[in-house]
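J.: Just passing along the structure, written as structure tokens.
A short reminder: the numbers here are calculations on the coordinates, not readings from a lab. Just so it is clear, the structure is predicted and the values come from calculations on it, not from any experiment. Methodologically, a virtual Cβ is constructed for each residue, glycine included, from the backbone with ideal geometry; neighbour enumeration extends over all protein chains shown.
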Protein chains: 2
Amino acid sequence: MDKNIPYKTYLEESEMPKQWYNVRADMKNKPAPLLNPQTLKPMTAEELGVVFCDELVEQELNTTDAYIDIPEEIRDFYKMYRPSPLVRAYCLEKALGTPAKIYYKFEGNNTSGSHKLNSAIAQAYYAKKQGLKGVTTETGAGQWGTALSMACAYFGLDCKVYMVKVSYEQKPFRREVMRTYGASVTPSPSETTNVGRKILAEHPGTSGSLGCAISEAVEVAVGTEGYRYVLGSVLNQVLLHQSVIGLESLAAFEKLGEKPDIIIGCAGGGSNLGGLISPFMGQKLRGEADYRFIAVEPASCPSLTRGKYAYDYCDTGMVCPLAKMYTLGSGFIPSANHAGGLRYHGMSSTLSQLYDDKLMEAVSVEQTKVFEAAQQFARIEGILPAPESSHAIRVAIDEALKCKETGEEKTILFGLTGTGYFDMVAYQKFNDGVMTDYIPTDDDLAKGFAGLPKVD
Amino acid sequence: MDKNIPYKTYLEESEMPKQWYNVRADMKNKPAPLLNPQTLKPMTAEELGVVFCDELVEQELNTTDAYIDIPEEIRDFYKMYRPSPLVRAYCLEKALGTPAKIYYKFEGNNTSGSHKLNSAIAQAYYAKKQGLKGVTTETGAGQWGTALSMACAYFGLDCKVYMVKVSYEQKPFRREVMRTYGASVTPSPSETTNVGRKILAEHPGTSGSLGCAISEAVEVAVGTEGYRYVLGSVLNQVLLHQSVIGLESLAAFEKLGEKPDIIIGCAGGGSNLGGLISPFMGQKLRGEADYRFIAVEPASCPSLTRGKYAYDYCDTGMVCPLAKMYTLGSGFIPSANHAGGLRYHGMSSTLSQLYDDKLMEAVSVEQTKVFEAAQQFARIEGILPAPESSHAIRVAIDEALKCKETGEEKTILFGLTGTGYFDMVAYQKFNDGVMTDYIPTDDDLAKGFAGLPKVD
């Protein structure tokens, strides 16, 4: 091992970020604004305030301030599980026989099991500050719902979670964690909303989708006094909060006197990737440093690598604003595989713009290859990774093996967003050798694209 | 918050212990030796070497060396998940309104989900060093089996786990974690051993017990070339390895300029409690400092508070050495509740002697009260605790509330041994309000005591 580089680098609490970094301030081409689905005009703060908390709306629309203060109450909460460690993967390097240096920023050491808590606590804080009674949200794989339940328990807010029905049934333990934190969890689609009843009438046996759960949660938030809707990914405000990951990483690298060459993250809606790369991307945008950024998405839901850059609906019920993003179409239904939290049809507008500007690369990987990397990583580095995170592990290992071929001593950083303790059904399939891959055909994709709204 | 005390205190890697502490060296009354069940004479190193690895036998019998070097390979592995944080429970203190200072040493930030990995990696290391092919063990709740699977994967050892049948069936996800790490997992009792076949013939519908699984694992180890048996608790060697918990805690307190008044740990076989208190107990034994130590056990399996201090069998098949310990009798079957890893009929010989010498207190707590504390802790401190660990939380909260009454500013340290992610069936029962308590009657206990062997 490098004598001066420990296995794990923690910042001191006094070194933790006091401001989030807003990458949009340094982007020459700003991400396209959200549009009102009726008027097709940019959403105003007033319109957004019906759905979202006021201060979060401000953050959503803020494309000019590079730094935004993190309130002390949020920083105190962060101290319960942050700073997260920047880990040097010595054992993995040795096992691969690579000259590359591999680092990962590990966000799984909290009960939500992922980075989602970084934004959940911020959103719950602003809801509480606004004097709200509670918030609504949707959850698919369950990390976001768990994180929000924890944040709401901390601030004494009510939390209503619409959980995609197939997950509700297949992941009863995720549901119980949320209930332990006092949240109410409803399988979606449900009879509790107009949109849910409509979908159930049209598709009686449906197992639900994220887009449908979003529609239900938004309907309840808008229709209930003292409630707002919160979302765990895709939005600019979420990437802002998640910048704490990248800021801590950057500070830790500076402490070590190191610098990554390649930064890799899994990408579903973009919350983790956006948060991890933001401050590094800022340096690149300002011409202070250069990095390769790689977004890794599942081959089963390839919004960046095979999607279109267009305005699209964020939800099935089409009640949300339109967002310009790399998308497969809101009607695209990825097959039931284990990409979990990465099975969303679109991608963060900010990341979409950066990708379109060729400031970031993207690759897609197949499920069985992802789980091979997950198992290898678990056995060597001792952490059982979430399926989502394992997409990044796959590409980090591939890049390290390229270095082995070329002899290059590159420094690789990847985001290890969470743990896989609630994903053992997927691991069991892999262990039993019955896991399969799925790659949508061009015809499958064409069906999704056909549903894209016409926006000039 | 105290300005000089952070939420979490981590040692630097360079400050991590390089030696384990062997509390027996400072004990005036040594723990009683293991006896050969045939001859009733103390087990020799040669006899123990049939079952256990040679160097572990040395550690088991060593009552004189206060410090034993931790091999560098083990220290390197420790660096992947240690040092564990010493956490100041500011949020819990505030919620309770107590003048007490509450600290916990959190051992759950690794994939085994508990402190068990501290000894698993040591035992796997010595097995590898001896040139063995593999090891066998039993697991009940699953933490130990998971930890050993991880350790064996790291050193490339085969790992055969006998898992109590009821757990095997109720905790398929624990099983899958072990399989992911390459272990073979067999429900016990099984047809793979003589003792298993005998028990199945006598009790066809049995759901198994820890004592039975131990017998099977020992039989396979003794009967298979290149294999030895390893155990995750009770033994002196395990307490030795677990002393890393207490050594880190002591070093962290010294760094902070603080000192605990009360040290609390849950107690099943004694591995966590013994490890946590060892170096503090050493100070007490040497007259350098004084502490109150409190062992917390489930009311359903009260070996210290209601057991007898006597020689007893460690396993159902009576193939293991006899140990002198506080015990409920090897035939005592605790009701199926959620004390999980605390459902063992006996207690570490070392802790039993310390308790008998009145150097340590013990209390028993009921299950629903334990889960009330668990839920409260989860919501306030953000960590979902294991049911086992929650026994310690219960008593830590009770002691803090006593301080609130008396106004005393005591400093409380408790061991948070692990997380409850694989215990959601128990949490669900609690959330649904259908959890029950169980306290054995004196008659229940008398049946267990009747099976105690006669040893002069």
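J.: Can you give the average number of partner chain beta-carbon atoms within 10 Å of each beta-carbon in peptide B:8-14, as a whole number?
T.: Across B:8-14, the average partner-chain Cβ count within 10 Å equals 3.
J.: Next question. For B:Glu254 and B:Arg292 in the same chain, what is the full-extension length gain: residue separation times 0.36 nm, less their Cα-Cα distance, in nm?
T.: 11.9 nm
J.: Related question: If we restrict to alpha carbons, what Rg and Dmax does the protein assembly as shown come to, in Å?
T.: 27.6, 94
J.: Computed FRET efficiency, Cβ-Cβ of B:Val434 and B:Gln283, R0 56 Å: what is it to the nearest 0.05?
T.: After rounding, the FRET efficiency stands at 0.80.
J.: Could you tell me how far the Cα centroid of the range B:237-256 sits from the Cα centroid of the range B:149-191, in Å?
T.: 29
J.: Based on the alpha carbons, how large is the Rg to Rh ratio for the range B:53-135 when Rh follows Kirkwood?
T.: Value, to two decimals: 1.14.
J.: Considering only chain B, what is the antiparallel percent among its DSSP beta bridges, to the nearest 5?
T.: Restricted to chain B, the bridges split so that about 35 percent are antiparallel.
J.: Got the relative contact order for chain B handy, in percent, Cα pairs under 8 Å and 6 or more residues apart?
T.: Computed value for chain B: 19 percent relative contact order.
J.: Across chain B, how large is the tail of the calculated P(r) beyond 33 Å, expressed as a percent of all Cα pairs?
T.: 29
J.: May I ask for the distance between the Cα centers of the range B:1-33 and the range A:204-229, given as a whole number of Å?
T.: One Cα centre to the other: 51 Å.
J.: Right, next: Before anything else, pin down the relative contact order of the range A:183-310: Cα pairs under 8 Å, at least 6 apart, normalised by residue count, whole percent.
T.: In percent, rounded to a whole number, it is 18.
J.: May I ask you to list the residues of the range A:215-254 whose amide nitrogen lies under 18 Å from a point 7 Å from Cα along the Cα→beta-carbon direction of A:Gln38?
T.: Under cut-off, by backbone N: A:218-224.
J.: Ignoring everything except DSSP H segments at least 4 long, calculate the 222 nm mean residue ellipticity for chain B; use -39,500 (n - 2.57) per segment, divide by total residues, nearest 500.
T.: Calculated mean residue ellipticity at 222 nm is -13000 deg cm²/dmol.
J.: Counting other beta carbons within 10 Å of each residue's own, what order do B:Met150, B:Met27, A:Met360 fall into, fewest first?
T.: Listed from fewest to most nearby Cβ atoms, that is B:Met27, A:Met360, B:Met150.
J.: Sticking with this structure for a sec: Just grab the label-to-label distance for A:Thr206 and A:Asn62, each label 7 Å out from Cα along the Cβ direction, in nm (one decimal).
T.: According to this spin-label approximation, the distance is 3.7 nm.
J.: Moving to a separate point now. What are the ³J(HN,Hα) couplings of the range B:203-220, residue after residue, when phi is run through the Karplus curve with 6.51, -1.76, 1.60 and θ = phi - 60°? Round to Hz, x for glycine and proline.
T.: With coefficients 6.51, -1.76 and 1.60, one gets 10, x, x, 5, 9, x, 8, 4, x, 6, 5, 4, 4, 5, 5, 5, 4, 5 Hz.
J.: Here's another thing I want to ask about it. Enumerate the calculated ³J(HN,Hα) couplings along the range A:72-80 in order (Karplus 6.51 cos²θ - 1.76 cosθ + 1.60, θ = phi - 60°), each rounded to whole Hz, writing x wherever the residue is Gly or Pro.
T.: 4, 4, 6, 5, 5, 5, 3, 5, 6
J.: Considering every residue in A:106-116, what mean count of other chain Cβ atoms within 10 Å of its Cβ is obtained?
T.: Mean number of neighbouring Cβ atoms from other chains: 3.
J.: Just tell me which lysines come within less than 23 Å, Cα to Cα, of A:Lys41; anything on the same chain fewer than 8 places away is out.
T.: A:Lys28, A:Lys30, A:Lys308, A:Lys324, A:Lys454
J.: Another one. Mind sorting A:Ser207, B:Ser278 by how few other Cβ atoms lie within 10 Å of their own Cβ, fewest first?
T.: In order of increasing Cβ crowding within 10 Å: A:Ser207, B:Ser278.
J.: Normalised by the residues of the range B:387-456, what does the relative contact order come to in percent, with Cα pairs under 8 Å and at least six apart?
T.: Dividing the mean separation by the residue count of the range B:387-456 yields 30 percent.
J.: OK, next. Of the lysine pairs in the range A:51-162, how many meet both conditions: Cα atoms under 23 Å apart, and a spacing of 8 or more in sequence or different chains?
T.: 13
J.: Averaged over its residues, how many other protein chain Cβ atoms are within 10 Å of peptide A:172-179's Cβ atoms?
T.: Mean number of neighbouring Cβ atoms from other chains: 6.
J.: Given the Cα-Cα distance of A:Val166 and A:Glu12 and 0.36 nm per residue of separation, how much length would full extension add, in nm?
T.: Value of the extension gain: 51.3 nm.
J.: Order these by the 10 Å Cβ neighbour count, fewest first: B:Leu235, B:Leu445.
T.: Final ranking by Cβ density, sparse to dense: B:Leu445, B:Leu235.
J.: Listed here are the pairs B:Lys284/B:Lys369; B:Lys171/B:Lys447; A:Lys284/A:Lys402; which of them are more than 28 Å apart at the Cα?
T.: Exceeds cut-off: B:Lys284/B:Lys369; B:Lys171/B:Lys447.
J.: Counting DSSP beta bridges in the protein assembly as shown, what percent are antiparallel, to the nearest 5?
T.: 35
J.: Can you give me the Cα centroid spacing of the range B:422-456 and the range B:262-284 in angstrom?
T.: 23
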